[in-house]
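Read-outs throughout are calculated quantities, based only on the coordinates presented, and are distinct from any laboratory measurement. What you see is a predicted model; the values in this text were computed from it and never measured. Here the Cβ positions follow ideal geometry from the backbone for every residue, glycine too, while neighbour counts run over all protein chains shown.
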Amino acid sequence: MKEHWYQSKIEWTGNNGSGTDHYKNYERNHTIFIENKPSIAGSADPAFRGDKTKHNPEDFLVSSLSSCHMLWYLHFCSLNQVIVEEYTDIATGIMREENDGRGSFKEVTLNPTVTVKSEDMIEKAIELHKKASEYCFIANSVNFPVKHHPEIIVKSS
C-alpha cells in the first residue's frame, strides 16, 4: 500500500477589525494556498454570510467528485480504446442543513456528457463510468451516494 500526502494552507482574511466579536462583524473570506499553485479566494456559501463571488467548501466538494471521476474515466477509456474527444460535467450536490445549523451532503449527482469518436464505442463508454466510480478516491471517501447520469454522444463528422 502507498500513502500520498496533501497539504494546503488556509488563511482567514475576513477580520474587519474586531475579530469574531459578533456573528455579523466578520467576513467568511479566506485564501487557500497550495505550494507551487495559484492561490484561491474562498468564502462561505452566501446562505452562511459568504461572498457569492468566491468559491466555497461545498463548491469544492462537488467539483472534487466531478474532477476525480473524470480523471479516472479518461484513464479507463484510454486503456479500453474508447476515444473521448470532449467531456463536460454539470455536477450537482444536495446538502441538508439541520435546524441547529449542522449539515451534511445527502448526495451528489454527476451528469457527464461525453463525446466519443465512433458509435461502436458507446456501450463501453457507458460501462466505464461504473468502473471510474469504483476507483475515484474522493467518491470512496465520502459517506453519501455519488450518482452518475452519463450521456454519450458520437462526434459528428
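Which pairs break 28 Å Cα to Cα here: 37/117; 106/130; 52/155; 24/52; 52/117; 9/54? The answer is 37/117; 52/155; 52/117. At full extension, residue 75 and residue 137 could sit 20.9 nm farther apart than now, given 0.36 nm per residue minus the alpha carbon distance.
Distance between the C-alpha centres of the stretch 38-78 and the stretch 86-119: 11 Å, rounded to the whole angstrom.
Need the full-extension length gain, residue 117 to residue 10, defined as separation in residues times 0.36 nm minus the C-alpha distance. One decimal, nm. Working shown, then result.
Details: separation 107, 0.36 × 107 = 38.52 nm, distance 4.22 nm.
Full extension from residue 117 to residue 10 adds 34.3 nm.
Kirkwood Rh over alpha-carbon pairs of the stretch 57-99, then Stokes-Einstein at 37 °C and 0.692 mPa s: what D in µm² s⁻¹, rounded to an integer?
Working: Rh = 12.1 Å.
Estimated diffusion coefficient is 270 µm²/s.
For residue 116, the amide hydrogen comes within under 5 Å of the amide hydrogens of 85, 153, 154, 155, counting only partners 5 or more places away or on other chains and with H modelled in the peptide plane. Model label points for residue 95 and residue 130, set 7 angstrom from Cα along the Cα-to-Cβ axis, are 3.2 nm apart. Backbone geometry of the stretch 119-135 corresponds, through the Karplus equation with coefficients 6.51, -1.76 and 1.60 at θ = phi - 60°, to 3J(HN,Hα) couplings of 4, 5, 9, 4, 4, 5, 4, 5, 4, 6, 5, 5, 5, 4, 4, 5, 9 Hz, x marking Gly and Pro.
Given a Förster distance of 30 Å, report the FRET efficiency between residue 23 and residue 106 from their Cβ-Cβ distance, rounded to the nearest 0.05. Write out the running numbers ahead of the final one.
Working: r = 26 Å, r/R0 = 0.87.
That pair, residue 23 with residue 106, gives E of 0.70.
Dividing the Cα radius of gyration of the stretch 1-90 by 2.2 N^0.38 Å, with N the residue count, gives 1.49.
Each residue of the stretch 28-41 was assigned a 3J(HN,Hα) from its phi angle through the Karplus expression (A = 6.51, B = -1.76, C = 1.60, θ = phi - 60°), giving 8, 5, 7, 10, 9, 10, 10, 3, 6, 10, x, 6, 10, 7 Hz with x at Gly and Pro.
What is the packing order of peptides 59-70, 25-36, 92-103, taking the mean over residues of other C-beta atoms within 10 Å and listing the highest first?
Details: 59-70: 19.1, 25-36: 13.8, 92-103: 10.6.
Top to bottom by mean Cβ count within 10 Å: 59-70, 25-36, 92-103.
Take the convex hull of the alpha carbons in the chain; its mean projected area over all directions comes to 12.6 nm². Counting only DSSP beta bridges whose two residues both lie in the chain, roughly 70 percent are antiparallel.
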